[in-house]
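The values are calculated or read from the model by the stated rules, or taken from the named source; none is laboratory data. What you see is a predicted model; the values in this text were computed from it and never measured. Here the Cβ positions follow ideal geometry from the backbone for every residue, glycine too, while neighbour counts run over all protein chains shown. For the accessible areas, the whole protein counts, side chains as well, though only heavy atoms, and no ligand, DNA or RNA atoms are used. Shrake-Rupley method; radii C 1.70, N 1.55, O 1.52, S 1.80 Å.
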Amino acid sequence: MAQSFDVVVVGGGPGGYVAAIRAAQLGMKTAVVERENLGGICLNWGCIPTKALLKSAQVYEYAKHAGSYGINISNPTADFDAVIKRSRGVADKMSKGVQFLMKKNKIDVIMGNGKLIAANKLEVTAADNSKQVLEAKNIIIATGGRARQLPTMPIDGKKIIGYREAMS
């Protein structure tokens, strides 16, 4: 038997989780279908971890020029593994914040890939290939962006890398 909702949002990124929260605040029984991590590419691999990396670079640059501020720091060095670890930690913490918001607003989070099978029905396939059907009066598609390979320059993991490799 299918679970029934007022709103099902496919995609837990910045568009999807905000739409789900608003629907729940308006009193609708709401679910989010997400295949990986709440927060989407932006929060987990794009905007947020990139800003964390940029902040580390800024702090390093300040340390290199601390003398011009009247502060003596001898030979600052960057630990790239620690910089990446911090960036991933910032993203993980924010994703957990989105999880908290889902719980706080009583939104069901269903992990898996969503596929429309009828006007008001969605089939969700979990990582273990189990399937469930959701019925909803309203379905919002908020699947976000994906990396696109150029036909003449496929991602090879060496010279040409994708965003995940770049961020880790």
Checked region 56-90 for anything open to solvent by 70 Å² or more (accessible area, probe 1.4 Å) and closer than 25 Å to residue 12 by Cβ; matches are 85, 86
Log entry, pairs with first residue in region 128-140 being closer than 27 Å to residue 22 by Cα and of a type in the set (A, V, I, L, M), second being loosely packed, with under 15 Cβ neighbours inside 10 Å and modelled with pLDDT under 95, beta carbons closer than 9 Å, six or more apart or on different chains, reads 133/1; 133/2; 134/2; 139/119
If we ask which residues in region 91-111 are buried (at least 17 other Cβ atoms within 10 Å of the Cβ) and more than 18 Å from residue 15 (Cα to Cα), their number turns out to be 0
### Query
Quick check, is residue 39 open to solvent by less than 40 Å² (accessible area, probe 1.4 Å), without any contact (Cβ under 8 Å) to a residue 60 or more places away in the chain and within 28 Å of residue 135 (Cβ to Cβ)?
yes
Per the filter on region 122-168, residues open to solvent by 80 Å² or more (accessible area, probe 1.4 Å), under 30 Å from residue 28 (Cα atoms) and of a type outside the set (A, V, I, L, M) are 128, 129, 131, 137, 146
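Yes/no per residue for (1) at pLDDT below 95; (2) among the basic types (Lys, Arg); (3) under 19 Å from the mean Cα position of the chain (by Cα):
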| site | (1), (2), (3) |
| --- | --- |
| 25 | no, no, no |
| 28 | no, no, no |
| 32 | no, no, yes |
| 37 | yes, no, yes |
| 40 | yes, no, yes |
| 45 | yes, no, yes |
| 58 | no, no, no |
| 66 | yes, no, no |
| 69 | yes, no, no |
Cβ pairs under 9 Å, 6+ apart or interchain, first in region 148-165 and more than 24 Å from residue 87 (Cβ to Cβ), second open to solvent by 80 Å² or more (accessible area, probe 1.4 Å) and part of a loop (DSSP other than H, G, I, E, B), ordered by first then second residue, are 153/159
Residue pairs within 7 Å by beta carbon, gap of at least six or interchain, first lying in region 100-118 and at positive phi, second open to solvent by less than 60 Å² (accessible area, probe 1.4 Å) and outside any helix (DSSP H, G or I), listed first then second, are 112/33; 112/124; 112/125; 112/126
